[in-house]
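First up is the structure itself, then whatever we jot down about it.
The values are calculated or read from the model by the stated rules, or taken from the named source; none is laboratory data. This is a predicted model, so every value here is computed, not measured. Ideal geometry is used to build each Cβ from the backbone, glycine not excepted, and the neighbour counts take in all protein chains shown. Heavy atoms of the whole protein, side chains included, go into the accessibility calculation; ligands, DNA and RNA do not. Shrake-Rupley method; radii C 1.70, N 1.55, O 1.52, S 1.80 Å.
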Amino acid sequence: MLQLLKQAPVSKAGTAMNCWNIRDSTKYKWRGLLLDESRHFFGKKTVKLILDWMAFYKLNRFHWHLTDEQGWRLQIKQYPRLSSIGGNGNRSNPNAPAAYYTDADIEEIVQYAAARYITVIPEIDMPGHATASNRAYPEFSGGGVGKYANFTFNPGKKGTYSYLTNILRYTKKLFPSEMIHLGGDEVSFGIDSWNHDPGVQELMSKEHLPDLIAVERYFIERMADSALTMYNKVLLWDEATDASLPVDSTIIFWWRHDKPEQLRKAFQKGYHVVLCPRIPFYFDFVQDSSHQAGRKWQGEFNSLGKVYDFPNNQPYTIDATNSLVLGVQAALWTETVLTEKRLEYLLFPRIAALSETAWTNTNNKNYDQFLIRLKKHFMWYRDAGIYYYNPFDSEKTPEVIDK
C-alpha cells in the first residue's frame, strides 16, 4: 500500500488511488537489516528513517548491534558505568562524549517499529567484542592480545556469568521480541590471553576442556542456557554452529561467505539459519569498482546487481531453498560511516535490491526490469532528502568519504 500511494496522483482534494486486487506472498519470513551503532552512533532520528524505509520495502527484522569494542549504546541501570563510561568514544574519536539509548528511547523506537510491523532484535556481543564493557567493569575482562586488549569477557570467573545474565534480563524488559543475539564471533582475536588466566585454567581442568576453543564453546553454551530461561530464541553468528545448542531454539546467522562448510554444518545439525554472507550483504563494502572508501574481500565488492542476484552469481554455491533457511539479512557496519549522508549512500538503493531478494521468487526476478523501476525510486529518495548511489551515472551522486 505504501508503494502504491507513492505512485498515486495528488490533488487539492487529496490522494486518489485506483482499486487493486493484489495476490502476493513473501519468499522469506525473515527479511532483515542490521545497523551497527557501536562503531558510530546515529540516534533516534536516523533509526526512525531506516525503519520507515524498511517498512516501505517490506523488511521486517531490525537487528540492532548495540555493543562492541568502540561503544556500549544501551543503558543498563543496574550497571550505570556501561553507558557513562562504556558509551564514551567511537571508531573515529575515542574521546567523543558518551552516546547511548535510554529506556525511554528504546521504548519509543520499539513502538515505532512495531507500528510498521518490524521486530527489533538487540545484540549483546559475547564473549568477544567486549572492550567497551570492560572499560566500564574491568573486573569481568578476560583480556586480549595486542590491539585487541580487553577484547573478551572472562569465562573463568563465576561473576562474569551473573553479570551478563543480569544484563540480558534487563535487556529482555526493553525488547519484547522474545529473541536475543549473543554474537559469538571472532573470539579468536583475543583468546590467547586466556592461556595465562588462572581462572580459565582452573575451568579447563574442572570441566575437562582440552583447549581454548572448547572454553569458548562452554561459554556460549552456558550463556545460551541462561538466555533461554528468558527468551524463546537465541541468535548467534556462524562460529557458534560448532557448539552444542538446542536446535529448536537457536538461529544461526551465516556471515562468513568464505566458509560455506559452516552453513552446511548448520543444516546438518538442524539449526534454522538466516543468510547474511559478507558477499553480497555487507553494505559497508564498496558498491562500485571506482569507490575508494569501504571494504573489499579479495577484490570482491557488493554491487547493486550482486545483492539483487543472490543467491546466484556468488563466489560460493549454497542451497538457499533449504527449508531451514528463515530468510536473508543485510548488515550496515559503521567502521567507515561517520555521517548520515554516507550511511544513506551505502544503504540506498541496495535496500531496494535486498527487498526483492527477500520477497520475490528467483524465477520472477529480472534485473533489467528492476533497474527500470528503480529510476522512479530515485525521485522518491530526492523528495525525502536521501543521498543515494546512482548506478546509472555515479558522477551525479559522488561517493561520500567520511574522514
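For this structure, a couple of remarks:
- Based on alpha carbons, the Rg and Dmax found for the chain are 21.5, 77 Å.
- Rounded FRET efficiency, nearest 0.05, which uses the C-beta distance separating Ser205 from Thr339 and R0 of 56 Å: 0.65
- For segment 130-207 and segment 64-116, distance of Cα centres in Å: 18
- Surface exposure of segment 276-403, expressed per residue as accessible area with a 1.4 Å probe, stands at 43 Å².
- Remark: the Ser323-Thr229 segment gains 31.2 nm on full extension, using 0.36 nm per residue and subtracting the alpha carbon distance.
- Within a Gaussian network of the chain (alpha carbon springs, distance under 10 Å), most fluctuating of Lys306, Lys259, Lys206: Lys206
- DSSP-loop chymotrypsin sites (Phe, Trp or Tyr not before Pro) across segment 90-128, with at most 11 other Cβ within 10 angstrom: Tyr117
- Segment 139-214: C-alpha gyration tensor shape, a/c 1.5 cut-off, then a/b vs b/c: prolate
- With Cα atoms, 0 to 90° folded angle of helix 198-207 axis to the chain main axis: 90
- Extension gain, Gln111 back to Ala98 (0.36 nm per residue minus Cα-Cα distance, nm): 2.2 nm
- Long-range HN-HN contacts of Gly142 with modeled amide H, under 5 Å: Thr152, Phe153, Asn154
- Solvent-accessible area, 1.4 Å probe, carbon plus sulfur percent, for segment 11-118: 49
- Within segment 329-401, GluC sites (Glu not before Pro) in DSSP loop having at most 11 other beta-carbon neighbours inside 10 Å: Glu395
- Percent carbon-and-sulfur accessible area, segment 142-295, ignoring ligands, DNA and RNA, probe 1.4 Å: 48
- Label point distance in nm, Asn166-Asn195, each placed 7 Å from Cα along Cα→Cβ: 3.3
- Averaging the sequence gap over all C-alpha pairs within less than 8 Å and six or more residues apart, then dividing by the number of residues, gives the chain a relative contact order of 15 percent.
- Of all the options Arg256, Arg373, Arg81, the one that moves most in a Gaussian network model of the chain with Cα springs shorter than 10 angstrom is Arg373.
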